[in-house]
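Okay, structure first, notes after.
The values are calculated or read from the model by the stated rules, or taken from the named source; none is laboratory data. Being a predicted model, the structure only gives us computed values, none of them experimental. Here the Cβ positions follow ideal geometry from the backbone for every residue, glycine too, while neighbour counts run over all protein chains shown. Surface accessibility is based on the protein's heavy atoms, side chains included, excluding ligands, DNA and RNA. Shrake-Rupley method; radii C 1.70, N 1.55, O 1.52, S 1.80 Å.
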Amino acid sequence: MVTVQEVLDLAIEMDMIHLAHRIFWAITNGKVQLNDDSKRLDTIDYDDEAISIMAEENRLSIGKIKLYVAETKEPDRFAFYFSENVLEAQALHQDLFRETPKRLTNASSLMKKLFHFAETNTEEILYFHRNKVVAYPYYLGHAWAGERKLIKNKVGLYHVK
């Protein structure tokens, strides 16, 4: 059995704002309990207007941490960061590598992708890796264009391909 709590946790973890707030609405209005079978969520009459307002206000603070990719001065080389905003990601990049990125892009669409972490020789979807991070902004590593292998560079030095 999959519980309501497990579905809620996954919805929050995967930044599914509307689904998470829909479940949260059901819980706060006494329609389900956290330990109930998640199938009960299919039997509820939801107040879609109230849920939309909650989701718009983002009462659960979902999606605050985003993935940013910095284009470095080295051709086809990108640095990856978890951060609340682009300015924090840029400041961390400048502090670590003593360079201003050519461009810094919100790449949250890549959060669903599986990446290989060379440092630990593990593979993980970035949504799930984000939960292991304690403080933000956070440097994930560098990758070559078109590749999903993150290599942590020694501060101020580039790893040669």
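Per residue, the chain exposes an accessible area of 59 Å² to a 1.4 Å probe, with every protein chain left in place.
With respect to the chain, whose longest principal axis is taken over its alpha-carbon atoms, helix 86-97 is tilted by about 30°. In terms of its C-alpha gyration tensor, the chain has a prolate overall shape, because the principal axis ratio a/c (a ≥ b ≥ c, square roots of the eigenvalues) is not below 1.5 and a/b outweighs b/c.
Taking the chain as the reference, fit the longest principal axis to its C-alpha atoms, fit the long axis of helix 17-28 to the helix C-alpha atoms, and give the angle between the two in degrees, 0 to 90, nearest 10. Taking Cα atoms only, the helix is inclined about 40 degrees.
For the stretch 1-55, the calculated P(r) over all alpha carbon pairs, in 10 Å bins from 0 to the bin holding the longest distance, is 27, 59, 13, 0 percent. Secondary-structure-derived ellipticity at 222 nm for the chain, considering helices only, amounts to -9000 deg cm²/dmol, per-run term -39500 (n - 2.57) for DSSP H runs with n ≥ 4.
Per-residue counts of other Cβ atoms within 10 Å, averaged by peptide: what ranking do you get for 17-30, 87-100, highest first?
Details: 17-30: 18.7, 87-100: 15.9.
Ranking, from highest mean packing down: 17-30, 87-100.
For the chain, the relative contact order comes to 19 percent (Cα pairs under 8 Å, sequence separation of at least 6).
Annotation: amide H of Phe115 within the under-5 Å range of Glu124, Ile125, Leu126, sequence separation 5 or more or interchain, hydrogens built in the peptide plane. Any chance you could give the angle, 0 to 90 degrees and rounded to 10, that helix 4-13 forms with the longest Cα principal axis of the chain? For 4-13 against the chain, the angle is about 30 degrees.
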